[in-house]
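First up is the structure itself, then whatever we jot down about it.
The values are calculated or read from the model by the stated rules, or taken from the named source; none is laboratory data. These numbers were taken from a predicted model, which means no experiment stands behind them. In this analysis, Cβ positions are derived from the backbone assuming ideal geometry, glycine residues included, and neighbour counts consider all displayed protein chains. Surface accessibility is based on the protein's heavy atoms, side chains included, excluding ligands, DNA and RNA. Shrake-Rupley method; radii C 1.70, N 1.55, O 1.52, S 1.80 Å.
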Amino acid sequence: MLKILVLHGPNLNLLGLREPEIYGKTTLIDINKELMGFAKKEGFELTIKQSNFEGELIQIIQEAMENYDGIVFNPAAYTHTSIALRDAIAAVNIPVIEVHLSNIYKREEFRHHSYISEVAEGVVSGFGKESYFLGLRALINLLSKKAKK
């Protein structure tokens with residue numbers, strides 16, 4: 001059975017409260033419940049974690065190498081600032097799909113660059129909570145193709 005980690009970055013614990021005109025009114029708890037339901041329906045094991053701390057996110061990514069087949073990661077603001085997260089993803093050698101609720105390319109100029117995209121298998125951006133489900137489907141597809149080789 002596939003084991004997948006969904007990792008949420010900083011401030012995503014404030015979904016539903018924080019800038020609802022950008023991120024919507026759905027809470028992270030609601031998204032996580034839907035993700036768990038999707039995993040059960042599709043038949044894979046899902047673990048979900050969130051942290052506001054860069055070092056903790058790095059630790060989780062490093063530990064994922066031993067425990068998961070892939071990661072769906074919303075690095076949030078660290079997308080645009082963290083070379084350390086980029087390096088952690090490059091080091092673990094498991095597939096990562098980068099996801100964002102908002103379309104980062106329709107936002108402020110500083111959000112247009114992602115350090116994570118350089119080492120991610122792919123990026124899903126701008127579809128709200130659906131970005132997570134699209135990222136999971138892409139990751140499952142990718143892992144299935146690798147398993148057949």
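Observations on the model:
- Listed by first and then second residue, the pairs linking a residue in region 117-135 that is more than 18 Å from residue 23 (Cα to Cα) to a residue that is part of a loop (DSSP other than H, G, I, E, B), with Cβ atoms under 7 Å apart and 6 or more places separating them unless they lie on different chains, are 121/95.
- Hits in region 115-129 - residues which are open to solvent by 60 Å² or more (accessible area, probe 1.4 Å) and either touching a Cys at 6+ places or on another chain (Cβ under 9 Å) or closer than 27 Å to residue 30 by Cα (or both): 121, 123, 127, 129
- The one condition in (1) surrounded by fewer than 20 Cβ atoms within 10 Å (Cβ to Cβ); (2) modelled with pLDDT of 90 or more that residue 112 fails to fulfil: (2)
- Whenever a residue of region 10-23 is within 15 Å of residue 129 (Cβ to Cβ), its partners that are in a helix (DSSP H, G or I) and open to solvent by 60 Å² or more (accessible area, probe 1.4 Å), lying with C-beta atoms within less than 8 angstrom and at least six residues away or across chains, give the pairs 16/30.
- Residue in region 91-114 that is out of contact with any helix residue (DSSP H, G or I) (no Cβ under 9 Å at 6 or more places or on another chain) and assigned to a loop (DSSP other than H, G, I, E, B) present: yes
- The residue that is surrounded by the most Cβ atoms within 10 Å (Cβ to Cβ), counting only those in region 130-139 that are farther than 22 Å from residue 90 by Cβ and either among the hydrophobic types (A, V, I, L, M, F, W, C) or modelled with pLDDT under 95 (or both), is 133.
- When the helices (runs of 4 or more DSSP H) confined to region 1-68 are screened for residues that are open to solvent by 50 Å² or more (accessible area, probe 1.4 Å) and basic (Lys, Arg), those reaching at least 2 such residues are found at 28-42.
- Annotation note: Cβ proximity below 7 Å between a residue of region 71-88 that is touching a residue at least 24 places away in the same chain (Cβ under 8 Å) and a residue that is assigned to a helix (DSSP H, G or I) and among the charged types (D, E, K, R) (sequence gap 6+ or interchain) occurs for 78/54; 80/111; 82/54; 84/54; 85/54.
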